[in-house]
Structures are given as structure tokens and as C-alpha cells.
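All remarks here apply to the structure that follows.
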Amino acid sequence: MFCCAGCEAVWHVLHSCGLEQYYALQRAAGSTANRPARATSHAYLDHPEFHARHVHCVHEQCARVELRLDGLKCAACMWLLEALARIEPGVTSARVDLGRSIIMIEWSPSRVTLSQVADRIAALGYCVRPIGTRASREQWRRQDRRWLIDIAVSGAISGNVMAIAFALYGAQFSWMDDSIRQFLQWTSLALATVTVVWPGRTFLSNAYHALVTRTPHMDIPIALALVAGLVGGAVVTALGDPGVYFESIGMLVFLLLIGRFVQFRQQRSARHEIELICALVPQTARRVLATGTIEEVPVDALRVGELVEVRSGESLSADGTLESSEASLDLQLLTGESRPVRVAAGNAVSAGVRLLGSAPILIRVSAAGATTRAAAIANMVQDAASKRPATVEFANRIAGWFVLCVLITTAIVGAVWWMIDPTRVLPVVIAMLVVTCPCALGLATPLTMMASLGQAARAGILVRGGDVLERLARAGTLILDKTGTVTEGSMRVLRQYGESDAIQLAAALEAKSAHPVARAISELARVDAAHQIDDVHETLGRGIAGTVDGKRVEVCTWSFIANTALKADPLEHTEARRMVCDGLSPIAILIDGRVRALCGVGDPIRKDAATLVEGFRRRGWIVCLASGDDAMITAQVGTALGIPRELVRGECTPHDKVEVASQQTQRPVVMVGDGVNDLPAMAASDVGVAVRQGTETTISHADVALTGAGLAQLFALVDGARRTIRTVHVNFGISLAYNIVGGALAATGTISPLIAAILMPLSGLTVTVVALRMPRFGARQRGGASEVRP
């Protein structure tokens, strides 16, 4: 397998120079190098259905499309692909987004077709596939443009207002002509008004809707501070007095807009990742025409009743019924079933499952595109996500009381000073409004969360947002998927019985098969062994047979042995039953018609799974096990992990897992899984966690993705979340204490508005330092493993 076309060129250079002996050992072992799967045809890219959904017409002689690239590895790949305009006539430009593995191509449809461009890209060593829809991508660009314009306007205004403020502050200690001072103050007022009304409209609008719905929101004190500061400054300016502090308003809008934009991008990304479920289903299908010829078309062009061909190793492109005699399918991604399932002709099959075996099959389409089962799972995820209980941030829980206290206190202080010295009322009130500006209160949560997310990422724990950490800060219910989560997710030979020579012959024979069980047994073969293998026949549902070194070797399921007259020793029957009781699949190895050995094949439990369960129990969590696998096997795994039988449930459909998550009373509910069948339960839970071996779809949509091997990072995640919320509380304490002390000093007339404007940033600075230093996540990556520090 080559990571890029450059490496492939080096390989050819080595062979052209006679240096290929390096690969002699590989060839002697009988193994073959894997190559990236490439579509045999890109004709579907020229289909009208595809162009309607994905292609944007720039003008009559130019079209634009964005495609996802498989095999993109480094900057050299980007350089090679961006040279496409020089090597493919008709292509005007090609730009690669290395981070997202996306290429944007502009070409002239009258000179070259899109399929020809894709063929050229495939010749360079890369595969292309469609992404999203044109309308959704244009909408995202418009949203980003609006946000960036608001941030740019706010930043420009803040810089100018800050420069004017320096001049006005200097006038407090030296002479400035009164007309110039008035001009600068009115200019600052005009600029501050623009930044509040235009870029700051987000906070004003949110505060208005929060007041209408009587829902406390952090934007209420922020909007109040903006309006109060603006009105107070306008009054001072109108009266011709010095001392206005519009720069604080401008900087507050600018900094909060940046934080809000980052949050918006994260939320939009989370909504978009649900579309990755469609990646389970191929974007193209081989449609069989009435004449018997096969054409490759987009899945959106399929119609009910049409025939589709699926080849070995490919995923089904549509729901339908099996027209061929029988097939062996891998349902793990959709159902969690760890073992291949045999499907007879006439039975229903679902898009997204993978075909095992060597012969192609025919599917009669019953549903395609948005009506498939994979799309239904996507809808379940959306429904569950929309029903998720809202997590109210700590700041919002006290925002209403904070606003009320500030208003009442400021009104009382103003009234008292009106009776003592009316000339000092306005400076005192402005000083209170400035010094009690909820800047630190507004920044406490996002700064702490941002710092925690960075700490978690450096520890190999990718968290979707700060609200996830808040939900994880207290003990709740942990639901574990079995296949691929507490188990390794791959078939392995866990027990051997009988003659070792027979097992070696079977391992050599199984190397000729692509079946998961065959791959597990073939791993037992000695590297230095060479065998003569002839007359190989593989029978679906039974096993494989052939001649190895002159001996007739058969590898088949034990159920086949039990239902035939083949001879087996009573001890072998006993061992086979023992394997079944232990959750293993017994595979019989026959040499010249007689059983000589048994292999117990199963999915091994992770070494750290039992430690994980015990550790979460000590932390006060309830641990459950839910799997789509066989109920007996799931129960045996639960027993091995020490999970009570009543908390173990097998043979779960995606809907069943949603019910399990919804029925839990101890919150939060955390669902840990790796398959697409776990996505609805993840969405229905308070937090969804994807382990490292999970599918790309699961990892992209989960609230948390663990990148380290094993499950130890779950401990670091929970402990780090608890420390994060503790830091949030500390920061809120600091900001509230600052507001109380600063407000008291302003109320007594001890500090002027100028001193208040100087003190106001100190609270934000203190909160920033605490946020950057306090949160810690105990998981660190060392040598590819995850370690948890106490």
C-alpha cells in the first residue's frame, strides 16, 4: 500500500534499478500487498442527478465541484493534485484542503468531463467521492462570511476607539483643547454605537428573546452592560464632561464575538457530521440493465425494482431482497453482530452491510438514498438529539440574580448620592456600571472550557464542547457496547485443541479465504512454513476444503460435523460443547476425513475492561452492558467483567439501545460504543463516547472521541471533567468577588470611572490565568498507549 503517488514512484524506481530483492521475503511468505480500493468507473460523476446535487455552474464554460479525497497524506500529495490544471486539459484550477481532505475543481465541461478528471486523479493514486450538497455548502459559506464580517468590523472599530481612548486618558493628566476633546468623544460614541448595533446585535437579540421567554441567559448581563455603557457614555458626552469609556464596550463585543464564532463552528460541525452516516452506503451502484450490461450510476438514480450487482468486499448500496442463491454478510456496523450472518435468497438485506465471500450477488432494490435503513438510523440520531435535555450553564443559572442585584444596587447608590452630592451621581453610577461589567462573568465559562478542551486534546481525548464536561462532572450511568468496545472487535482463535500439525495445515488453507474466521485461523500459520495447496473449494455456511501437502484438509463449523456422519472423538464433542458454553465458535479441522483438531474462535475482551468497570463503580457509577450480539455471549462477557446480570442486555437493535439509555434514572447517562448502531443511543444519552477503534461516522458524531488504545482514557475524561467544573466555580467566585469589591469601592466614591476602567480588565486577566493553569486531564499518550495518572 502506497501512502501517496510519490512513494509509488520510488517503488518503481527501486524495481527499475534491480533493487526489488528487499521484497523477496514478502513474496516467499505468499502474502500480497494491499492497494487502495478504487472505483472501476467514474461515469456516475457525469450523471445529471449528480450534477444537480453537487456541481455549481460558475458560468457557461466553467463548472465547480468539491470532492472528498481518499489517500491524501502530506503536502507532497497536495502539490501533486494542485498541478492537475497543468496535466489535464480542460481543468482550470484545483485547490486542495489538506486538513479536510477535500479538493475543489473548476473545469470546462465542453473540453473535459468530470469522470475524465476523476480518472486522472485515480491514475495519480487517489480516490474521489462526493460530499454534502451544493446548497448546504453555499449556506455554510454565507454563515461564515457574516460572522467574519462582524468580527472584522468589531475589531477595526475597537482598535480605533482604543486609540482615541489613549488620547482622552492622556488629557486627564495634561492639557487638551475642549473642542478637540468633544470631537474625540463624539467620534468614540458614534463608533461604539456602530459596534453595539451592528456586530453586537447578536447579544442584544439573544437578550431580548431571553427576556420575552423569561429564560435567564448570559447575554442578558452582557447586553445590559453594552447598553448601559453606551447610554452612560452618551449622557456624559452630551453634558460635555470628560471621562467616557467606549473602548471597554468595543473590546467586549470583539472578544465575545470571537468566542461565539468558535462555538458556532463547533455546533455546526456536530450537526454536519450526521451526514457521515451516508458514507456507510456507497455513493454509486452497478445497475444491471435488461440487456445484461452493467452501468455505474449514483445511488440517487436507483429506482425500486431495479437490479444492482454487489461484489466481494463491497458494501450494499441500497435496501432490497437477495436475488442470488445465498450470501454471507457482515452486519457489525449496523447491528453490532460480531459474526457473519448467512442470508438466503429472497431475504431482505440493508444498505451499508458488507458482502463476504468471493462471488458477486444481485440485489432487487426496495429502497435507495434517503429511504434506506441507514438513513432511518440517521433520522433516529436526529430525533434523539433534538430530545436531549438542555444543559443550563452555571453562568446562566445566576445571570438573572446577578442582573437584578446590579440594577437594584446601582439604583440605590445613585439615589443615596443624589441626596449627598448630586454632582457626583453620574460619575459614581458610571464607575459602578463599568467596574461591575460582567466581562469576567461572561468569559469565566468559555475560557475555562476552552483551556480544558485543549488539555484534553493534548491527552488524546477529543471533546465536542464544554457542556459535555459539565455533564460528566458527576457520577451517573455508564452504558458499554460489547463488540469493539469492551472487546477487541475482531475474530481471533482463543482456544486450540488437538494436533498442532493439523492446525498448521488448516492455517495454510485458510489463507486462501477472505472470511473473518478464516483470517483468524490463518494468523496461526508459521511464517517460515511453505505448503503446496491445490484444489481449494469454499462452501458458504460450511467452510473450506483443499489439498495441502498431499493431504485432504477440511475446515468447517462444528454444527456441520454434528449434523453429518463424520467421525469425531467423544472428547472432541465435550471440548466443542465447552467452547460453546464459553461463548466461542468451535471450528473443526479434518485431515483425510477425520477430526484432528478444534479451534475456538471468538472476540476477546480487552485487558483493561474489567479494571474500567471496577474503577467506575468505585467512583459511584452504575455500569451496564448493551450489545447487538447474541444474548448468551453478551451475558458471558458481562459475567467476566463483573456486571450484574440484570444490567446486561444482548440482541439489542439500535432502537433497543435507545430504550436502555432512556430508562436510566441516574444521570448523566454515558454511552460508550464504536459502531453506527450505537449512534442513536449516543444521541439519546447525555454523553456519547466513541473509542479509538470506532468507525469514522461514530467518532465524528460522538460527544467524545478517545484516540488512545484501550479504555483507560475514560478515567481521565471523568476526572478531568470534574476538575474543569471545579475551575469554573473558582472563576465564578473570582469574578463575583471582584464585582462585589469593585462595586463597593465605586459605590463609596473611592474609585473614579477612570480607575474602574483600568480595574475592569484585571478580573478577566485573573480568570484567564486560572483557566489556563487549573484544569488537568490525567491521560497521556506514551508509546501509543494511554496511561492514567492518579
query: Quick one: net charge of Ala473's neighbours, Cβ under 12 Å, K/R +1, D/E -1?
result: +3
query: Counting every Cα pair in region 612-654, what percent are over 15 Å apart?
result: 39 percent
Spin-label zone in region 600-637 - amide nitrogen under 14 Å from a point set 7 Å from the Cα of Arg722 along the C-beta vector: 615-622
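Can you give the % of DSSP beta bridges in region 563-690 that are antiparallel, to the nearest 5? Provide the component values of the computation, followed by the final result.
Numbers: 7 of 14 bridges.
Here the antiparallel bridges make up roughly 50 percent for region 563-690.
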Rough spin-label spacing in nm, given labels placed 7 Å along Cα→Cβ, for Glu106 and Arg617: 6.4 nm
field: Unit charges on C-beta of K, R, D, E only; dipole of region 141-182, Debye
entry: 400 debye
field: Cβ crowding within 10 Å averaged over residues, with 55-61, 232-238 ranked highest first
entry: 232-238, 55-61
task: Express in nm, to one decimal, how much length is gained between Gln496 and Ala610 on full extension, taking 0.36 nm for each residue of separation and deducting their alpha carbon distance.
output: 38.6 nm
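Every read-out reported here was derived from the displayed coordinates using simple, explicitly stated rules and does not represent laboratory data. Everything quoted here is computed from the prediction, not taken from an experiment. Every residue, glycine among them, receives a Cβ derived from its backbone with ideal geometry; neighbour counts consider all protein chains shown.
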